[in-house]
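Student: Take a look at this one; I'll ask things after.
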Ligand code: FPP
């Protein structure tokens, strides 16, 4: 499977909702945790083959604040997966020059995991290869509430003039501050919704729904999604022409 690039759209930031782990196990008569474990393997594989696609930023949704509604055994398992992922993969990711940032709410996350998150961010902070954002205990609404709180307290202390609040100020108070908005969102597992992911940042993002369950997602799936993206017109609210390639 190869790239087609009739229209190079410059995919700078790819975001992924890695859905379908539960169904992957249920179809096999296995406990849900097996699907999540396979999901980590699939993420690990992605972090290897994504190098060939020259995408600078990758954001993956690995635990939603809404996932706390799941049984305790499953939420503990998902916490444990991030713990293990950092313990097992950090050295290799650092060697590959990956810069790690974990976005989301730190409340409810066990202290030892917060320490691991902080040390992984610290260790990789000067890396300039793939910028990997892991959305963990994250939701778009929670991120916006957090930004609104920060902006209001700056307004209260007089550091921000409320009438000067603009999109740039909002963006710079999000967990994703400083990172370009996603160009493409892939959601695996056949559901067609954004599920509280990057609500502000997805304003002009192209969305690709892939029926593949996340544990089965591979390089060919990514190639198909990117080829599809490369053949889209992005208009950003303008009239029908290819903004990015239009030089008139
Ligand atoms: C959705 O599948 C997936 C999640 C809630 C977790 C995603 C997590 C991983 C891929 C692994 C974790 C990675 C790290 C780095 C910790 P689902 O359980 O909603 O699947 P279903 O819709 O089939 O039930």
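Readers should treat all values here as calculations from the given coordinates under stated rules, not as data from a laboratory. Worth saying up front: this structure is predicted, and the values here are computed from it rather than measured. Reconstructed Cβ throughout: ideal geometry from the backbone, glycine too, with neighbour counts over all protein chains shown.
Student: Remind me, relative contact order of region 110-248 in percent, using alpha carbon pairs under 8 angstrom and six or more residues apart?
Tutor: 18 percent
Student: Springs between alpha-carbon pairs under 10 angstrom, Gaussian network model over the chain: which of 238, 77, 221 fluctuates most?
Tutor: 238
Student: For residue 240 and residue 72 in one chain, what is 0.36 nm times their gap in residues minus the Cα-Cα distance, to one decimal in nm?
Tutor: This chain segment gains 55.6 nm when fully extended.
Student: Right, something else. Given the -39500 (n - 2.57) contribution per DSSP H run of 4+ residues, what per-residue ellipticity at 222 nm results for the chain, rounded to the nearest 500 deg cm²/dmol? It would help to have the intermediate numbers written out before the result.
Tutor: On the way: 7 runs with 96 residues, N = 248.
Value at 222 nm, helices only: -12500 deg cm²/dmol.
Student: I need 121, 181 ordered by Cβ neighbour count within 10 Å, fewest first.
Tutor: The order, fewest Cβ neighbours first, is 121, 181.
Student: Moving on. Using Cα pairs under 8 angstrom and six or more residues apart, how large is the relative contact order of region 77-191, in percent?
Tutor: Value for region 77-191: 25 percent.
Student: Okay, next question. Suppose a student asked you for the relative contact order of the chain, using Cα pairs under 8 Å spaced at least 6 residues apart; what percent would you report?
Tutor: 29 percent
Student: Please rank 204, 131, 138, fewest neighbouring Cβ atoms within 10 Å first, as an exposure proxy.
Tutor: Ranked by crowding around the Cβ, least crowded first: 204, 131, 138.
Student: Per q in 0.10, 0.14 Å⁻¹, report the Debye log10 I(q)/I(0) for the chain, using one uniform scatterer on each alpha carbon and no solvent.
Tutor: -0.52, -1.01
Student: Does anything in region 164-197 have its amide N under 17 Å from the 7 Å Cα→Cβ label point of residue 107, and if so which residues?
Tutor: 175
Student: Also: What residue among 96, 72, 41 shows peak mean-square fluctuation when the chain is described by a Gaussian network model with Cα springs under 10 Å?
Tutor: 72
Student: Exposure proxy check: 150, 156 ranked by fewest other beta carbons within 10 Å?
Tutor: Fewest-to-most Cβ neighbours within 10 Å comes out as 156, 150.
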